[in-house]
Every structure is written in C-alpha cells, then in structure tokens.
Amino acid sequence: MVSAAAAAAPSGVVTFLFTDVEGSTRRWEADAQAMRAALVVHDKVLRTAIEAYDGFVFSHTGDGFVAAFASPMSAVNAAIDAQRELGLPVRMGLATGEAERRDGDYFGTVLNRAARVMAAGHGGQILLAESTAGLLSGVDLLDLGPRRLRDVPTPVQVFQVQSEGLRTDFPSLRALDERPGNLRPAPTSFIGRESEVAELHAAIKTHRLITLTGVGGVGKTRLALEVAARLADEFPDGVWFFELAAVTDPAAVPDAVAAVLGITQQPGKTVTESVASALEGRSRLLVFDNCEHVVDSVADLVVAILAASATVTILATSREGLGVSDEQLWRVPSLDVNSGTQSAAVNLFVDRAQSVVSDFSLAQPGEADAVVEICRRLDGIPLAIELAASRMASMTASDVRDRLDQRFRLLVGSRRGLARHQTLRHAVAWSYDHLDDAEKVLLERCSVFAGGFDLESACAVAGSDQDEFEVLNVLDALVRKSLLLADRSSGHARFSMPETIRQFAEEQLAARGVAEEVRAAHARYFAGREADILALWDSPRQREAYDWFTAELANLRTAFRWATDHGDLDDAATIATYAGWLGDLVENYEPMAWAEELTEPARAVDHPRLAFLYVIASLCFAAGRIEAAVRYSDAGQTVIGTGHYEVPFGLEGGLGVAYLAVGQPERTVEWCRALIARGRDTHTITRATLVTALKMAGRADDAMATANGLIESAEATRNPYAISFALLEYGYACRGEDPARARDALRRGLVIARDSGNRTNETHLAGALSRREAEYGDPLAALEYSAVAIHNYHNVGSIAQMRAILAALAACLDRLGCYEPAATIAGFAFDPVTAVWVPELSTTVDHLRDVLGDPTYESLARKGETMSTAAIATYAYDQIDQARTELEHPS
C-alpha cells in the first residue's frame, strides 16, 4: 500500500464509496456530546482507511464520506479496513462507472447508484453494485439478488462483502417497497442544489420545524421531496407527504392530514388533537407542501404535533413562514444563472429539453447563448425554465428568447398535475390571489421600478393615503410571501422584484387603470431627488451620491424616458442634467445622451434648464465626439451670455474644455476669464480649467500664477471633486517648473478621487501620473498608472482619451528602449487631437524613426493603426507586463 495523503483525483471509470452513520439523528437527540466525540473518531478512521488505498475524499453528506478510487479493489479494501475499526454503525455502498470531474466535484449516474446502494444497507454492512462486484477477484461476496432502489429505473444486483471481523447477519435490505410512509419517487431528475440539500440535511438535525419559502415555481416542493427521500432512512416510522394545494377550506387541513396517516378522530378530542396524540413517540418526517393559502390552520396543527411528540420532524413549503415559535425559515433561491453553460439553470433547461427533443444540444448554432439568456431573464426559476424547455418541441431556444417579453402567453405547457404549474401565469396568479388588497395594490405600484427600490421611493408611488410605516408593513408582508426580495448588504434595505413577478404585477396595474398615474409619480420622484442628491455630492459624503446614482440608474433611465415620451420636459430635463453630471464623474456616459436629446426641445421653448443641458451635452468630448462637443459649447456660451440661465456649482466652465481638444486653448482662456469676472466660479472648477488652458496656450507663467492658491480655494469648498480636480490641474501647471510638487499634487488628488468614488478624476490623475513618473520619476510606477488609466478608458469606451494615455505609454516605452512596441502603440495613438494633448508624442515618433528606420517604423505603426481597441488594449497590457518584468528582474 502507498499512502494517499496527496492522491490525485481519479477520472474516467471511477469506483465511488458512500458512507453514512445509521440513525445519526436519534443519536444526536439522545446525547449530542457523545455523538460529537464519536464522530471525531469516525472521521479519523474513515479518512485514514480511504487515504491508505489512494482514495480521494471529495464530499461529505451529513455524517458520511464520499470518496473516489481508481481501483475497485482498493475501494473495497478501504471499506473493509474502516468497517473493522469503526465504533458507530456505518453503512457503506460502492458502485463503479464513468464520471465527469468538474469544479472539484463529480457528476454521473454512477454516484446516484452508489448512494442508493448504501441507503439500502444497515450499520456495519458493505454493499456493492454489480458494476463493482464484477471487477473483483478474491473477495467473498454474498449475492443478495436484484433490488429496486430509489431513483434507479431498473433493479440493481446487490452484493454484500464478507470478511473476517465483519458482521454477516443483517435485516433485509431497505428496498423501495419496504419503507413506511407515502413518499413516492420524484417524477423528474434532480438537478443542481446539491449544496442546498446538504445544508438542509444538517439543519434538520438541529431544527424540528423548517419551512422552505420562495417565489412560486422556484422549486420548493422538488427540493423538499429530494431532502425527504435522502433522509428516509433516518426515520424508522417513515416520511409522510401531505399535498395541501387542493385543500381549499382551512378548517379541513387536520382532516386531510389524518386521512393520509390513517388516523381517526378519538372520542372527546378534536381531529388536531387526535393527530397529535397518534404521532406521540413516532420517529417520522412530515412534509407539508404548499401551505400558503391555509397557513394559519397548518400552523395550529404543527404546534399541536410538536407539543405532543419530541420525535417528529416537520418540513414545510410555503410562500411565507408559518409564524410558529422555533420555526426555522429557509429561503429557496433561484437556480444559478451566472456560470454560463455550466450553470444549474442551463443544465435543467437542457435536461428538460432533451426529454422533449432527444437530440437537443447546446452545440447547435446560437442555442447556447440563447439558453443562457433565457435562464437569466427567467430569474433562474425552475418552473419557468421547464416550461420554456417544453417549447423545444416546436421552437428553437432563439425563438423562445425573442418572445420572452410575452412570457405569460409563451410559457404554457401540457404538464399534468397541479393547475397552477401548467402555465407561468397560473403559478404567479396563485401567489397574487392570496394577497390582501393593500398588498396587491403596493405590489402593482412597485412594478414601475427598474433595478430595485427603497422604502422612500416605494412611499412615493404608494399613494397619498399611506404613511411610511404602513408602506413598510406591506413591504414586509410581500417579502415574507416571497414576492419581493430584500437586500440589506448596503446598510439600507433595498427591495427588488423577480422580473416574472414584475411583469405580472405590471399587467394588473394596467388593468386597474392607474399605470400612467403611477409612472408619472415615479418620474416626479426621481426628478425631485435632484436637490438632495446634489447636496450630498457637494459635501465630503460625495461617494454616497455616486453610489445612489449607480443603484438608481435603471430607475433614472425609466423615469427620463417616461417623462420625455409624455411631454414632461421639466422632469426630463432635471433628470438628464443632474444624472448626466453624476454619470460623467463615474465614467457612465449614458445620461449625457439624454441631455443631447433634449437640447432642441428645450431650445424651442426657451426652457430654464437649457444652459445646463448644453453643459452636460458638451461633455460628449469624453466619448470622442469632439465636433459635437464644440457645437454644444458654442450654443451653451451663447445662451449663458444672455444672463437668464443658471448652472449650479460653476459647471459652465466646462463649456470651454472642448476647445482644448481642437487646439484652441485661447478660446477656453477667454471663456473662463469671463466667467470668473462675473463671479460664477463658486467651486474653482472654472479656474482649474483656466490653468490647463493657459498651460496649453504656452503661457506657463500665467498658468502658475493662476494655480497659486487654487488648492486652498478648492479645499474651502469641502467638495472632493473640486479638490481632486484642482490638484490635477495644479500638477499639470507645475510639471515642468517643479516636477516633485506636481507628482505630490497628483498623488494626493488620486487618493481623494478614489476615496470619494470619482472615477473620472481618478482616471485622469492616473494618466497624468503615468506621464510625470515616466518623465521625472519611477518608470515602474509610470507603467502601473498607465495600466489603470488604459483599463478605465477602455471599459467606458473613451477612445479619444485612451489614445492620449497610449501616446504617453509609447513615449515611456521609447525611453525604456522598447522601440518596436512603442512604435506599434504610437501608430494606434497618433491623431491630431492626441498630438495636441500629448505634445511629446511627436518627439517620440521622430526618435523611433531614427532608431528603427522609416520603413520599419511605418510597418509597425500601420500594424498598430489597424488594431481594434480591444486588441491594442490587450497588446498594451502585455507590453506593460514585459517592461515591468525587465525593470524588476534585469537580465
């Protein structure tokens, strides 16, 4: 034997060993401390035996082990050695077959077979499937005959290992037809949720009442059935399943349960008391399924049962909790949709689609992407995914995906069983119909939100007759009933609605005839947030304003579009301007386009927001639209020149920036000085812009004179954007005269921008630092800052500004002697605008022509010029890494 402490995981044909402690639940209940100590010994014995025979432990199931072996003989020997040493009654099962190893786990039917073989045995017994027995020689095996096992379609020939030191006499195997209770094999295969099964298995050991909650169709019943089936051997008196969906009269719940259990009402006792009394001393798992419409009656029955018996465990499914003392609520999540074609949701779709069309495959053109999108848009809800998969009989996945906006008409099926599971609409309507009027109204009204909402915004659309606490109580009820999700990770509760629920509620809102009223309230609310959010922005708490913008962008988009389409120019312009400003500072240029859309309608009516709209629209230079930015700047200056328009925070200074991009810094100087003379520069933004314009105009002395005291003035505003912007422009002004002061200013500005969440200034400062460090300081730091700036500009599609930082990188690589990559990058970066912003680029190109020769330089530059943006970004990262390696480890 060879020690297997570091054994590799076997692949291909694998023998699996499953173990489990028989009656572990009773042992935990009887003496938890002794059980805990016994398990320490149990784990050591099993692990030692498995590793001694090159076994690979890859999972735990409750109190058991699951191990893989390359050799079936090694697996049997490990089981024998362990069984001889174990003090606890451990049952073991082995099966051999092909399995796929993925993400640290194994997949394949052989695992289910090994688990079912184990489940048929008793403590001290080692059972083999015929797939393992047929590969052995020299092992004494007792043929127990073919047996029907749970979830295995055909009988399995089962053998018992006999060896010196092992018990030989055992009760008959626990075959499928011999278990008490009424649990039947699940009608469908179980896909995903293995971690949930394990968690619930452990939870049932410590909680006598667990209620699975979740939105309709999320798979509560299927999960409960799977957990109950795997726990069946822990309950000698059986697992009993009660389907309550068809019980329409709450008073009939005790009778329905009594009928399943075969209990008759006793003289002088109610039916509830009779059921509770009959269960006393019984070790049973009771599964109450679909309790939401009779929740109070189920709760009364459960209380009586738990009070009468200490050995009964209850697993319930409901869209809200039972509200019983000591109840453990366990929310069933949607299936994973974030792992692409490897996600549980996609695996479920494929499995169900193949049951309809046997040759369905993700390899068919376009199907994989379509299935991933279907599962994502259906929120990973199994019922919806199964109904979508059933459409594969007559449609492609792409066909289904393209019709999901009409999901309630599309997702209908011919599946038998409960009516509410036959269509997606029925599943959602089942939950909706059991809401009270206040809950229905708020759910419908909250359907207008996009991307979530908080209590304040819910109050804004709830109607004038409800105060905050009334709305909060209804939200709480909707969360408990699994129709809303509450996210508390940010420190403040934020609510969201699964898209399927939202679409249904939106339909009900329209049917009620108040959709326009509620959408108008939604738009008014987000327009009305301007003052509070901009006050937050103009403070040391600026990051909170950016966080709010990011969280509410989908709502801002929806509100803007509604207001625009319905002729509400006031709300639309308000949202476009303040969202446009915040968006620009976190490198999100979408709201900038809203402002551009409104400039003409606002100009036509001489709207008070016209100047502010031009300021925001002119920021499109950041996205590389220089000519449009100049036009907006010209128009904005004309409007502001009339003296009838106000722009907050002195932001009108930004109307001069576009001129810098086209090599007209004197126009910027003229504009900024005019604004300063009129006292409009409340936040030093115009003065900081003037510093850059003077520097670019070649008036370095004037730039330094203007920059003196700039930082102190900005600090007086306590506005992180103003301070970091002042430090950026100050560093630019004194880069030649005092490079050390320039770097210090830029470094400090970078820290402030990062801490306050100002991504735009962070990127600009990183780009400026890359140039300063390359010219006067540390080339390693220059490369690091270049990588940051390139990454940020590339992510937001700011190609013009990305070219500038690539031009600076080319100059840096040229200084480091990396001539060929410098020439390639320069070829992409060189254009008239870049030459204005990065004057050293021309010097770099001249030097590269000298050292490489014109033909070589031209060839490399053409290569760079023809690269896509993504390709040049990847190329730049690679060259940065290579140059950094050379600097850190010179050859």
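The values are calculated or read from the model by the stated rules, or taken from the named source; none is laboratory data. Remember, it's a predicted structure, so these values are computed and weren't measured experimentally. FYI the Cβ positions are ideal-geometry reconstructions off the backbone, even for glycines, and counts take in every protein chain you see. Note: areas computed on protein heavy atoms with side chains; ligands, DNA, RNA excluded. Shrake-Rupley method; radii C 1.70, N 1.55, O 1.52, S 1.80 Å.
Cα centroids of segment 755-807 and segment 160-234: 57 Å apart.
Neighbours of SER713, meaning other residues whose beta-carbon lies under 10 angstrom from its beta-carbon, give a summed charge of -2 when Lys and Arg score +1 and Asp and Glu score -1.
With an a/c value of 1.5 or above and a/b larger than b/c for the gyration tensor axes a ≥ b ≥ c computed over the alpha-carbon atoms, segment 619-759 is described as prolate.
The H on the amide N of VAL287, modeled in the peptide plane, is under 5 Å from the matching H of TRP240, PHE241, PHE242, LEU315, each at least 5 residues off or on a different chain. Taking 0.36 nm per residue of sequence separation and removing the Cα-Cα distance, the THR550/ASP701 pair yields an extension gain of 50.3 nm. Can you list the residues of segment 67-105 with backbone N under 19 Å from a point 7 Å past the Cα of ALA198, pointing along Cα to Cβ? Output list for this probe position: 67-69, 93, 99-105. Annotation for segment 489-554: trypsin sites (Lys or Arg not before Pro) lying in DSSP loop with at most 14 further Cβ atoms inside 10 Å of their Cβ are ARG541. By the Kirkwood approach, averaging reciprocal distances over each pair of separate Cα atoms, segment 501-575 gets a hydrodynamic radius of 13.4 Å. Placing one equal scatterer on every Cα of segment 687-823 and applying the Debye formula, the log10 ratio I(q)/I(0) at q = 0.09, 0.10, 0.15, 0.16 Å⁻¹ is -0.25, -0.31, -0.71, -0.80. Counting 0.36 nm for each residue step from PHE107 to GLN406 and taking away their Cα separation leaves a gain of 104.1 nm.
Of the trypsin sites (Lys or Arg not before Pro) in segment 299-407, the ones in a loop by DSSP (not H, G, I, E or B) with at most 16 other beta carbons within 10 Å are ARG403. Summing Cβ point charges (Lys, Arg +1; Asp, Glu -1) relative to the Cα centre of the chain gives a dipole of roughly 1160 debye. Model label sites at SER277 and ALA310, defined 7 Å from Cα along the beta-carbon direction, differ in position by 2.1 nm. Note on the chain: dipole from Cβ charges, positive end direction compared against ASN792, ALA388, HIS566; the farthest Cα belongs to ALA388. The modelled label-to-label distance between VAL605 and SER394, using points 7 Å beyond Cα along the C-beta direction, is 4.9 nm. Straightening the chain between TYR877 and SER189 buys 243.0 nm, computed as 0.36 nm per residue apart minus the Cα-Cα spacing. The chymotrypsin sites (Phe, Trp or Tyr not before Pro) found in segment 282-387 include none that occupy coil by DSSP while having at most 15 further C-beta atoms within 10 Å. Each Lys or Arg adds one and each Asp or Glu takes one away; over the other residues whose Cβ falls under 12 Å from the Cβ of PRO821, this sums to -4. Take the Cβ atoms of GLU85 and SER868, set R0 to 60 Å, and the FRET efficiency comes out at 0.40.
Helix 665-677 axis versus longest C-alpha principal axis of the chain: approximately 90°, rounded to the nearest ten. The long axis of helix 194-206 is offset from the longest Cα principal axis of the chain by roughly 60 degrees. Using 15 Å as the cut-off for backbone N distance, which residues of segment 105-146 belong to the label zone defined by a point 7 Å from the Cα of GLU164 along Cα→Cβ? Taking a point 7 Å out along Cα→Cβ of GLU164, the residues of segment 105-146 whose backbone N falls under 15 Å are 139-140. Non-local lysine pairs in the chain, meaning eight or more places apart or on different chains, with alpha-carbon distances under 30 Å, amount to 6. Considering the dipole of the chain built from charges on the beta carbon (Lys and Arg +1, Asp and Glu -1) around the Cα centre, which of ALA245, ILE263, TYR732 is farthest to its positive end? Looking along the dipole axis, the top candidate is ILE263.
Placing +1 on the Cβ of every Lys and Arg and -1 on the Cβ of every Asp and Glu, with no other charges, gives segment 743-858 a dipole of roughly 500 debye about its Cα centre.
Sites count as exposed loop sites when they are GluC sites (Glu not before Pro), lie in a DSSP loop, and have at most 14 other Cβ atoms within 10 angstrom; the longest stretch of the chain without one is 281-645. Just name one of PHE18, LEU619, THR211: the one whose Cα is farthest towards the positive end of the charge dipole of the chain (beta-carbon charges, Lys/Arg +1, Asp/Glu -1). Positive-end residue among those listed: PHE18. Whole angstrom only: what separates the Cα centroid of segment 675-708 from the Cα centroid of segment 124-155? Here the two parts' Cα centres lie 87 Å apart.
Using only Cα atoms, locate the centre of segment 246-260 and the centre of segment 7-32, then give the distance between them in Å, rounded to an integer. So the separation of the two Cα centres works out to 38 Å.
When +1 charges are put on Lys and Arg Cβ atoms and -1 charges on Asp and Glu Cβ atoms, the dipole computed for segment 1-111 relative to its Cα centre reaches about 140 debye. The HIS847 and THR682 beta-carbon pair, evaluated with R₀ = 45 Å, returns a calculated FRET efficiency of approximately 0.50. Specify whether the C-alpha gyration tensor of segment 21-149 places it in the rounded, prolate or oblate class, a ≥ b ≥ c being the square roots of the eigenvalues: rounded for a/c under 1.5, otherwise prolate if a/b is larger than b/c and oblate if not. Note, shape of segment 21-149 comes out prolate. Pop a pseudo-label 7 angstrom from the Cα along the beta-carbon direction at both SER539 and ASP300 and give the gap in nm to one decimal. With each label point 7 Å from Cα toward Cβ, the separation is 5.3 nm. Share of pairwise Cα-Cα distances greater than 17 Å in segment 777-859 is 43 percent (whole percent). Legend: calculated FRET efficiency, ASP351 to ASP487, from the Cβ-Cβ distance at R0 = 45 Å, rounded to 0.05, equals 0.90. Entry comment: accessible area of the chain is 41 Å² per residue, from protein heavy atoms only and a probe of 1.4 Å. Could you work out how far helix 685-696 tilts from the main Cα principal axis of the chain, as a 0 to 90 degree angle to the nearest 10? Once rounded, the angle reads 60 degrees. Each helix, a run of at least 4 DSSP H residues, gives -39500 (n - 2.57); summed and divided by the residues of the chain, these come to -17500 deg cm²/dmol at 222 nm.
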